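Notes for the one structure printed next.
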Amino acid sequence: MTTQQQTTTTPTSTPRSLRVLIVEDESLVGMMLRQMLDRMGHTVLGQAANAVQAAELYHQHNPDLMLMDIRLAGSDGLEVARVLLDERPCPVVVVSAYSDKELIARAAAVGVFGYLVKPVNERELEAQIEVAMRRFADQQATTMEVVRLERDLETRKLLDRAKGILMKRAKLTEDEAHRRLLQESQKRRIPLPQLCKTIIESDQVMG
């Protein structure tokens, strides 16, 4: 297939239009990536050539996706990605001329979701973006589930302690104490965990 044919080929549809930050110190490479992303229907927020520019654009625009080169002008792209991802999760696809095992291992440790070796063609880029977005969505869902389970476990612990206090002080059964807590939570319009904490703290004061 000729270069002209590659340029005019319409890629397959991606799930949604993304806001993309390109972190690449080579203007020509950045321009080619921008053109590919434009044809896919994505919005390019800007191109950063170093760590300072990347941080400024990342904080200013909160991108949906970053395309990250590894060897930047005066910066280590993977270290830039690590710092930014510590501040806010975002799917990252590495676009690099280097593919040695050490770099790939570092990229995985940082938490990138895709790795492409230059020169990149449009279909490879589109496929890698779709995979990265799906992996990121799965990771976020898992994280949220862990948070929910931890919160639910903490709520159950508070509920059990508050029920025990009501059972002891008001001479209630466990079911009666549970219903009392639910009723009071609704009547006072405060979350159940907060009500339980209040009861526990009051009991500690009373001794």
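Every read-out reported here was derived from the displayed coordinates using simple, explicitly stated rules and does not represent laboratory data. Remember, it's a predicted structure, so these values are computed and weren't measured experimentally. Don't worry about glycine lacking a Cβ; one is built from the backbone with ideal geometry, like all the others, and counts go over all protein chains shown.
Miscellaneous remarks
- Computed over the Cα atoms of the range 73-120, the ratio of the radius of gyration to the Kirkwood radius (Rg/Rh) comes to 0.95.
- Karplus 3J(HN,Hα) series, Hz, for the range 172-181 with 6.51 cos²θ - 1.76 cosθ + 1.60 (x for Gly, Pro): 9, 6, 4, 5, 5, 5, 5, 5, 4, 5
- Modelled FRET efficiency - R0 25 Å, residue 117 with residue 19, Cβ distances, 0.05 increments: 0.50
- The 3J(HN,Hα) values that the Karplus relation (6.51, -1.76, 1.60; θ = phi - 60°) gives for the range 146-163 are, in residue order, 4, 4, 5, 5, 5, 5, 5, 5, 5, 4, 4, 5, 5, 4, 4, 5, 5, 4 Hz. Gly and Pro appear as x.
- Positive-end extreme of charge dipole, the range 94-170 - chosen from 153, 108, 140 (charges on Cβ): 153
- Between the amide H of residue 48 and those of 22, 23, 24, distances stay under 5 Å, these residues lying 5 or more places away or on another chain, with hydrogens modeled in the peptide plane.
- Anchor residue 157: lysines whose Cα lies under 21 Å away (excluding residues fewer than 8 positions away in-chain): 168, 171, 197
- Here the range 189-207 and the range 104-169 have alpha carbon centers that stand 31 Å from each other.
- Distance between modelled label sites at residue 130 and residue 52, nm, 7 Å Cα→Cβ extension: 4.0 nm
- Put simply, the C-alpha atoms of the range 3-120 give a gyration tensor, and the ellipsoid matching it has half-axes of 22, 17, 14 Å, longest first.
- Remark: 90, 196 ranked as 90, 196, counting other beta-carbon atoms within 10 Å and listing the fewest first.
- Sorting 95, 110 by the number of Cβ atoms found within 10 Å of their own Cβ, with the fewest placed first, yields 110, 95.
- Annotation: amide H-H contacts under 5 Å for residue 72 (H modelled 1.01 Å from N, sequence separation of 5 or more, or interchain): 77.
- Distance cut-off 27 Å, percentage of C-alpha pairs in the chain lying past it: 48 percent
- Residue-span extension gain [residue 104 to residue 171] - 0.36 nm each, minus C-alpha spacing: 17.8 nm
- Taking amide H as placed 1.01 Å from N in the peptide plane, residue 116 has its amide H under 5 Å from the amide H of 94, 95, 96, each at least 5 places away in sequence or on another chain.
- Around the Cα centre of the range 3-120, unit charges on the Cβ atoms of Lys, Arg, Asp and Glu (plus for the first two, minus for the last two) sum to a dipole of about 380 debye.
- All lysines inside 28 Å of residue 118 as judged from Cα atoms, apart from same-chain residues fewer than 8 positions distant: 101
- Relative exposure of 167, 68, 31, 144, judged by other C-beta atoms within 10 Å (fewest first): 144, 31, 167, 68
- Taken over the range 144-206, the alpha-carbon convex hull comes to 85 cubic angstrom per residue.
- Each Lys and Arg Cβ is given +1 and each Asp and Glu Cβ -1; about its Cα centre, the range 144-206 then shows a dipole of about 280 debye.
- Derived scalar couplings between HN and Hα for the range 98-112 equal 10, 9, 5, 4, 4, 5, 5, 5, 5, 4, 5, 5, 5, x, 6 Hz in order, rounded to whole Hz, by the Karplus curve 6.51 cos²θ - 1.76 cosθ + 1.60 (θ = phi - 60°), x for Gly and Pro.
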